[in-house]
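Each remark here refers to the structure printed beneath this line.
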Amino acid sequence: MDFVRIFDTTLRDGEQCPGAAMSEDEKLEIAHHLAKMRVDVIEAGFPVSSPVQFQAVQRIAKEVEGPIIAGLARAMKVDIESAGKAIQPAKRKRIHTFIASSPIHMKHKLGKSPSEVLAMAREAVKISRDLVEDVEFSAEDGTRSEWEFLRELTEAVIEMGATTINIPDTVGYTTPEEYGKLFAFLRDNVKGAEKVIFSAHCHNDLGLAVANSLAAVMNGARQVECTVNGIGERAGNTAMEEIAMALKTRKDFFGIETNLETTHIARASYLVKTITGMVVQPNKAIVGANAFAHESGIHQDGVLKNRETYEIMKPETIGLKSNKMVLGRHSGRAGFKERIIKLGFDPKPDEIDSAYQRFLEIADRKKEIFDEDLVTLFSEEVRKSESDNYQLEYFHINTGSKTLPTATIRIRIGDKVHEETATGDGPVDGIFKAIDKTTGKVPLLSRLVISPVTEGTDAMAEASVTLELAGKRVVGKGSSTDIIEACGKAYIDALNRL
Ligand code: KIV
Ligand code: ZN
């Protein structure tokens, strides 16, 4: 059956949005999960932009098997050579080169005439094809370009050997009908169009990214570029989970499939959320906390009588379990391990030992342990930084409406234990200040997000702390049934990463 390729750019366009920078290990973790989900292409980064980017793309190319690994490059020799080198270890590799084609970008950003842009595009594809067989060309700001110029440009790069033609809606300006017509126009009028795959790449400035991408698919696009949770510049990119589930749920209408294993969507969303610290709005389609929740009596009654009355997708299709309560105080280690494996982890024996101890501690405080709790708990285990230099051993908070919040903490640094007390604007501020006193470092706290993992007053909370110091920016995570402890642990995790 005809299928649409899923080109995931979470690690490139997604990472470009403010506050979403990821470490190399974090990118690897996401890339492995994307491979498990069977995305067709992973755009791993923009290698020439920094040595850190280059290294991350190269590691993904070395270690992640299955999808094509793509590296982004401007239409410049230095970029293309860097991308070619970074993706070299991959079994299946692609260079993705781009140049702007709209009058406003050519004149004001590039200072080039259309014929100069045309020549640069031809040359870029030629250099890329000398390095790899699979070359994608993007006409940046394609939707604000003159159609006739876009036709000429596309024809030229196909002649030079481009195998995928991407028409980005860089500024999220187009509408479904217009974008669909543009694809139909190019497919009908470009010489050689039948030899290449057309690709849609949309930004969500008007909230139309998914609708525009689907319109492109209806007009022949067979690759959609997207990100997990729709993260990306400004209002973000096309959300992968929305495209995949729209095509799956309405296969009767679109008549087209993807290769995606949709049961890994929930975990992908969780991973990207926790790694970037970018929360997912509760009413977000597919992966929002309320996406499968039925609140009104009429809806609940309908769902109980027949699920399909108000549910067009099953939560299990994206990897959520309908029966959520799984383990408790008396669950054994074997049952715990089996559940962790069912939740998609590949645990090492020492990780199971230490996570099981934590599970027992949590089970003492919380009667019911849900899948979401286990995912949070085990992800924390996997994330434990290699240099677990700082460890929070103890904390005590004194706070109240007429009391100056005071935190006392005990931290192990290497084999020494340090104790400090500090006051703050609130208990969380107090604990962070006490930690700073013990480490002697004063990083900038640029973001703190606390989210409940499940419902109820005994729920676990997950804290995400973003710290910046000496030009480095890291995200730390911590979870606990006590939100102050979750914040303290997240702060310590971030310090270890710094
Ligand atoms: O939005 C855009 O134009 C891009 C290109 C580099 C593909 O991200
Ligand atoms: Zn983009």
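Bear in mind that the values in this text are calculations on the coordinates, not laboratory data. What you are looking at is a predicted structure, and each value in this text was computed from that prediction instead of being measured. As a convention, Cβ positions derive from the backbone with ideal geometry for all residues, glycine included, and neighbour counts pool all protein chains shown.
Based on the Cβ-Cβ distance of residue 281 and residue 317, what FRET efficiency does E = 1/(1 + (r/R0)^6) give at R0 = 25 Å, to the nearest 0.05?
After rounding, the FRET efficiency stands at 0.75.
Hey, rough spin-label estimate for residue 357 and residue 25, points 7 angstrom out along Cα→Cβ, what's it come to in nanometres?
1.9
Express in nm, to one decimal, how much length is gained between residue 55 and residue 195 on full extension, taking 0.36 nm for each residue of separation and deducting their alpha carbon distance.
Values: separation 140, 0.36 × 140 = 50.40 nm, distance 3.32 nm.
Length gained, residue 55 through residue 195: 47.1 nm.
Place a point 7 Å from Cα of residue 36 in the direction of its Cβ. Which residues in the stretch 258-291 have their backbone N less than 17 Å from it?
260-276
Please report, in whole Å, how far the alpha carbons of the chain spread along each principal axis, starting with the longest.
72, 59, 45
What ranking do 113, 128, 199 get, fewest neighbouring Cβ atoms within 10 angstrom at the top? Walk me through the intermediate numbers first.
Details: 113 11, 128 31, 199 26.
So the ranking, lowest neighbour count to highest, is 113, 199, 128.
Figure the gain on full extension for residue 184 and residue 469 (residue separation times 0.36 nm, minus the Cα-Cα span) and round it to one decimal in nm. Kindly include the intermediate steps, with their values, before the conclusion.
Numbers: separation 285, 0.36 × 285 = 102.60 nm, distance 4.99 nm.
The residue 184-residue 469 span can extend by a further 97.6 nm.
For the stretch 97-103, what does the Karplus curve 6.51 cos²θ - 1.76 cosθ + 1.60, with θ = phi - 60°, yield as ³J(HN,Hα) per residue in whole Hz, taken in order and with x for Gly and Pro?
Working through the residues one at a time gives 10, 9, 8, 6, 10, 7, x Hz.
Can you compute the FRET efficiency between residue 330 and residue 308 using 1/(1 + (r/R0)^6), with r the Cβ-Cβ distance and R0 = 41 Å? Round to the nearest 0.05.
Working: r = 37 Å, r/R0 = 0.90.
The pair residue 330/residue 308 has a calculated efficiency of 0.65.
Taking only DSSP H segments of four or more residues, each worth -39500 (n - 2.57), what value at 222 nm results for the chain once the sum is divided by all its residues, to the nearest 500 deg cm²/dmol? Write out the running numbers ahead of the final one.
Values: 16 runs with 195 residues, N = 498.
Value at 222 nm, helices only: -12000 deg cm²/dmol.
Using only Cα atoms, what Kirkwood radius does the stretch 450-498 have, in angstroms? Write down the numbers at each step before the final one.
Values: mean 1/r = 0.0929 Å⁻¹.
The Cα-based Kirkwood calculation yields 10.8 Å.
Taking the Cβ of residue 212 as the centre, find all other residues whose Cβ is under 9 Å away and add up their charges (Lys, Arg: +1; Asp, Glu: -1).
Numbers: positive: none; negative: 169, 178.
Net charge in that neighbourhood comes out at -2.
Report, by chain and number, residues whose modeled amide H sits under 5 Å from the one on residue 454, excluding near sequence neighbours (fewer than 5 apart, same chain).
460
Write out the GluC sites (Glu not before Pro) in the stretch 52-108 meeting two conditions: DSSP loop, and at most 16 other Cβ atoms within 10 Å of their Cβ. Intermediate results must be reported in sequence, preceding the final value.
Details: sites: 63, 65, 81; in loops: 65.
The qualifying sites are 65.
Around residue 20, with a cut-off of 13 angstrom between Cβ atoms, what is the net charge of the other residues, counting Lys and Arg +1 and Asp and Glu -1? Mind dumping the intermediate values first?
Values: positive: 12, 27, 234, 273, 447, 473; negative: 13, 15, 26, 233.
With Lys, Arg at +1 and Asp, Glu at -1, the net is +2.
Quick one: 444, 320, fewest Cβ neighbours within 10 Å first, how do they rank? Mind showing how you got there, number by number?
Details: 444 9, 320 18.
Exposure proxy ranking, most exposed first: 444, 320.
List, in order, the whole-Hz ³J(HN,Hα) value for each residue of the stretch 445-452 obtained from phi through the Karplus relation with A = 6.51, B = -1.76, C = 1.60 and θ = phi - 60°; use x for Gly and Pro.
Computed from phi, the couplings for the stretch 445-452 are 8, 9, 7, 9, 10, 10, 10, x Hz.
Take the Cα atoms of the stretch 390-497, find their three principal axes, and give me the spread along each one in whole Å, biggest first.
38, 29, 26
Going down the list 348/416; 27/489; 93/314; 273/337; 27/437; 384/437, which pairs span over 26 Å between their C-alpha atoms? Working shown, then result.
Working: 348/416 28 Å; 27/489 22 Å; 93/314 35 Å; 273/337 24 Å; 27/437 32 Å; 384/437 23 Å.
Beyond 26 Å: 348/416; 93/314; 27/437.
Using a Förster distance of 45 angstrom, determine the FRET efficiency expected from the C-beta separation of residue 249 and residue 437, and round it to 0.05.
Working: r = 54 Å, r/R0 = 1.20.
After rounding to 0.05, the efficiency reads 0.25.
Under 14 Å from a point placed 7 Å out from the Cα of residue 482 along the Cα-to-Cβ direction: which residues of the stretch 399-418 have their backbone N that close?
Backbone N within reach: 399, 406-411.
Highest mean first, what order results for 32-40, 188-196 on Cβ atoms within 10 Å? Could you put the intermediate results ahead of the total?
Details: 32-40: 20.9, 188-196: 14.7.
Per-residue mean Cβ counts within 10 Å order the peptides as 32-40, 188-196.
Given 4 °C and 1.567 mPa s, compute D for the stretch 5-276 with the Stokes-Einstein relation, Rh being the Kirkwood radius over Cα pairs; round to the nearest whole µm²/s. It would help to have the intermediate numbers written out before the result.
Working: Rh = 18.2 Å.
The calculation lands on 71 µm²/s.
Could you list 202, 226, 17, 487 so that the one with the fewest beta carbons within 10 Å of its beta carbon is first and the one with the most is last? Please report the intermediate quantities before stating the final value.
Numbers: 202 33, 226 30, 17 18, 487 24.
By the 10 Å Cβ count, ascending, the order reads 17, 487, 226, 202.
Could you tally the net charge around residue 415, taking each other residue with its Cβ under 13 Å from the Cβ of residue 415, Lys/Arg +1 and Asp/Glu -1?
Details: positive: 412, 416; negative: 388, 393.
Around residue 415, the charge tally is 0.
Tabulate in residue order the Karplus-calculated ³J(HN,Hα) for the stretch 282-287, using 6.51 cos²θ - 1.76 cosθ + 1.60 with θ = phi - 60°, rounded to whole Hz; enter x for Gly and Pro.
x, 8, 5, 4, 6, 10
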